[in-house]
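Participant: Before I ask anything, let me first share the structure, which is written out below as structure tokens.
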Amino acid sequence: MREQPVTAYDDNNIFAKILRGEIPCVKVYEDDHTLAFMDVMPQAPGHLLVIPKTGSRNILDADPDVLAKTIPVVQKLAVAAKEAFDADGIYVAQFNEPAAGQTVFHLHFHIVPRKDGEPLKPHSGAMADVEMLKAHAEKIKQAL
């Protein structure tokens, strides 16, 4: 098996800046260990992200204790998003390294409510209207 070099966590990534309050976000949920906020380029209504407050590049270098605190929050918010958006299902995605599609190098989980027959929008391009994101966040908060 070929060994891959380990790339260090960069604490100047956009999610680290959000955690430090340097960049705003539309917050959905926060506790001592995690932060959840709306994705600014949603692939479907209600698309949100869950990140641990402890920095790691992705699941490959994450502390197992951090994962143990993050995954229950992912589940809790997936249930709330499914209810809030009357979704037929929930897509949970987590990418590791560029070859797998990772573009922000802070461990994060995408939670995307899905309806049968509705395709996902591309996850690139223009940012969504912040008022719409706030309304979507409120729907999820009400379902918590």
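Participant: State in Å² the accessible area per residue of the chain; use a 1.4 Å probe, count heavy atoms of protein chains only, and round to the nearest integer.
Facilitator: Per-residue accessible area for the chain comes out at 57 Å².
Participant: When the label point is put 7 Å from the Cα of K134 along its Cα-to-beta-carbon vector, which residues of region 26-41 have a backbone N closer than 15 Å?
Facilitator: 26-28, 38
Participant: While we're here: Report, to the nearest 10°, how far helix 64-84 tilts away from the longest principal axis of the Cα atoms in the chain, using its own Cα long axis and a range of 0 to 90°.
Facilitator: 20
Participant: Then there is this: Label points 7 Å out from Cα along the Cβ direction at I14 and S124: separation in nm?
Facilitator: That separation, rounded to one decimal, is 1.3 nm.
Participant: Quantify, in whole percent, the carbon and sulfur part of the accessible surface of the chain (1.4 Å probe; protein heavy atoms only).
Facilitator: 54
Participant: Distance check, please: which entries in K17/K76; K27/K53; K82/K139; K17/K82; K53/K139; K53/K82 exceed 21 angstrom between their Cα atoms?
Facilitator: The answer is K17/K76; K17/K82; K53/K139; K53/K82.
The values are calculated or read from the model by the stated rules, or taken from the named source; none is laboratory data. Being a predicted model, the structure only gives us computed values, none of them experimental. Cβ atoms come from the backbone with ideal geometry, glycine included; neighbour counts cover every protein chain shown. Accessible surface areas use protein heavy atoms only, side chains included; no ligands, DNA or RNA. Shrake-Rupley method; radii C 1.70, N 1.55, O 1.52, S 1.80 Å.
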